[in-house]
1. Find, among the chymotrypsin sites (Phe, Trp or Tyr not before Pro) in segment B:56-142, those assigned to loop by DSSP (not H, G, I, E, B) with at most 14 other beta-carbon atoms within 10 angstrom.
2. How many Å³ per residue does the convex hull of the Cα positions in the protein assembly as shown occupy?
3. Of chain B, which part is the longest with no trypsin sites (Lys or Arg not before Pro) in a loop (DSSP not H, G, I, E, B) and with at most 10 other C-beta atoms within 10 angstrom?
4. What FRET efficiency comes out for the pair residue B:153/residue A:212, r = Cβ-Cβ distance, R0 = 60 Å, nearest 0.05?
5. Report the trypsin sites (Lys or Arg not before Pro) located in segment A:93-197 that are in a DSSP loop and have at most 12 other Cβ atoms inside 10 Å of their Cβ, or state none.
6. Could you tell me whether segment A:82-314 comes out rounded, prolate or oblate from its Cα gyration tensor? Rule is a ≥ b ≥ c as square roots of the eigenvalues, rounded for a/c under 1.5, then prolate if a/b exceeds b/c, otherwise oblate.
7. Give the residue from A:37, A:227, A:283 lying farthest towards the positive end of the charge dipole for chain A; charges sit on Cβ (+1 for Lys and Arg, -1 for Asp and Glu) and the dipole is referred to the Cα centre.
8. Distance between Cα centroids, segment B:121-161 to segment B:64-107: provide it in whole Å.
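Coordinate-derived values only; no laboratory data. Bear in mind the structure is a predicted one, so any value in this text is a computation, not a measurement. Quick reminder, even Gly has a Cβ in these numbers, built from the backbone with ideal geometry, and neighbours come from all protein chains shown.
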Amino acid sequence: MVTTTPPRSGGKQAPDAAASGRTRRRRRRSAPYILIAPVVILLAVFIFYPVGSVFYYSLQYYNPTTPWDNGFAGLDNFRLMFADDMFWNSLVVTAKWVGVQVVFQLILGLGLALLVNEVFRGRGLARALVFSPWAVSGVLTTGIWLLIYNPSTGLFKLLGEIGIGDGTAAPIADPDTAFWATSVAELWRGVPFFAILILAELQSAPKDLYEAANVDGANRWQRFRFVTLPHLKAVIILSTLLRGVWEFNNVDLLYTLTAGGPADVTTTLPLYVSQLATTAQDFGYGSALTTVAFVILLFCSILYLRLSKFNSDKA
Amino acid sequence: MTTTTERPPTPIAAPKASGEPRFHRKRPRVFSVGLPLALYLLFTLVPFYWMIVFAFRPADSTSMLPWPITFDHFDTVWNTLGFSFFFKNSLIVAALSLVLTTFVALATGYALARFKFRAKIPLVMALLCSQFVPGAMLLIPLFQVFREIGLVDNLFGLIVADTVFQLPLAAMLMAGFISQIPVELEEAARVDGCSRMRAFRIIMLPLLRPGLIAVGSFAFIGSWNNFLFGLMFISSQDKFTLPVGLSYTIGSYNVDFGVLAAGGLIAAVPVVAVFAIIQKYLVQGLSAGAVKG
């Protein structure tokens, strides 16, 4: 502890004031560290340490069911991937899943936000209703859409009875339709996320710009294209990025609705990894896949941010 | 649903300069607003309606109305399948991780918004990076950590796990909310003799209400709905949360759809109700500009 005795010359008050000023400064300097201590500890123990151990295990043979083979593997786990059709398949499914979800959620969410930003009677109720699926869990979404897709009691049976289709469709059991059927269920839950964020941003839109556009005789589309869209740009970039990462990692719905099937058409990379972990117990290979997923995510995110900023410089 | 108070109409919506656009507006709005909104409402509400029908009608009925009405499915789910336990567990976990997330996010957000310190940029980087960590793929190492500290098959472990994975976003949202509030307000209070703590409590907290509601509701809904951690870390059935319980109902051979729907309704009603009440504040809070960080 630094408590240098200050010179006595300056009367009684001065040393006290100087000392307390110093403690105050010291306290001020340590205050932010006290405030961030909880988050640092939590992140270190529950995120960064596990991530580190994933990196470590990715270089090991590690399978609790065959302990005699465990040990240093070098890059073997990574080499294994090139020959693993399931890995490449899951990568393609993941890209398709993330792409479809982000694009459709954004378009529908943007449309929905513009709709409920209009002034009409019952707007509050309409908002509460269209946003409500956002609060529903992935498992519950599965439950609800199982009831809808079920061939013996579901919606298609009902539609068949009134003459639309033949009433025998089983969308999540058919490899041709399973991906899209699952996508629709996820869209149902995911669109409100974009709608909420975009609506929030619409409400802070600069009103004078719209007036200026009106004076200049801009039509509806031009107002949207040249006033609304530029205003929304930041939130669109941010929300698509967050959502892309989230949909990449999201396994709740896939795990419970299709479990990756039929014929692996809905097996995304995280789902494949969790299957490796729970059934095959191949933790070493699973860790290598996790490492690759992490790198892909980080790379794509940085690329996305760069590209979107690049566009803003041009515009 | 308490969302009827309208904001005053915006200048765009109330054309004044020329009376002419008003004339044109009236009719096309049915097609430009009414119709698409009705279609989207249909897409949103039919699945909910389907669940309600299955939950309330007798098992052998094929009627599309929940009539004759029965509560047998709820009785089965609540008393026989243990959803009363699951409900209580979910409530405990969601409420406590709401409190924990909000407190830690508040402290972190305040430090980020109000102090200059050397670890600030590394901390922000760490928060951003942890957004990219695939939680679903960390289950094995996480499980090992939780086993070490004895939080496996323990509701408190779930609370911690939920909190940790919500924290990065919550903290950054909170930092955004706090930096929206002029620092002068706080300084004025401190010049008047308030301690930093007191200035925070009487000046900042009331102004932060929309932010607290937004972050708190994200935390509550996120942890009420979390499935994977519950599935991996909890093994005894009396500690299951609702999503885990529901997934076993879904996964059983011969799914009883009435029971499934009733269980789903029990899981849905609290969050959908909470959300319907807070969604207005959520939009307002996010609209304060916090999204831009």
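1. Values: sites: B:56, B:71, B:74, B:78, B:83, B:85, B:86, B:87, B:103, B:110, B:115, B:117, B:132; in loops: B:71, B:115, B:117, B:132.
Qualifying residues, ordered by number: B:71.
2. Details: hull volume 131.0 nm³, N = 608.
Normalising the Cα hull of the protein assembly as shown by residue number yields 215 Å³.
3. Values: sites that count: B:16, B:116, B:118.
Maximal segment without exposed cleavage sites: B:119-293.
4. According to the calculation, E is roughly 0.45.
5. Working: sites: A:96, A:121, A:123, A:127, A:157, A:189; in loops: A:121.
Here the trypsin sites (Lys or Arg not before Pro) that fit, given the DSSP loop and packing criteria, are A:121.
6. Values: a/c = 2.57, a/b = 1.35, b/c = 1.91.
Cα axes put segment A:82-314 in the oblate bin.
7. The listed residue farthest towards the positive side: A:37.
8. Going from one Cα centre to the other spans 24 Å.
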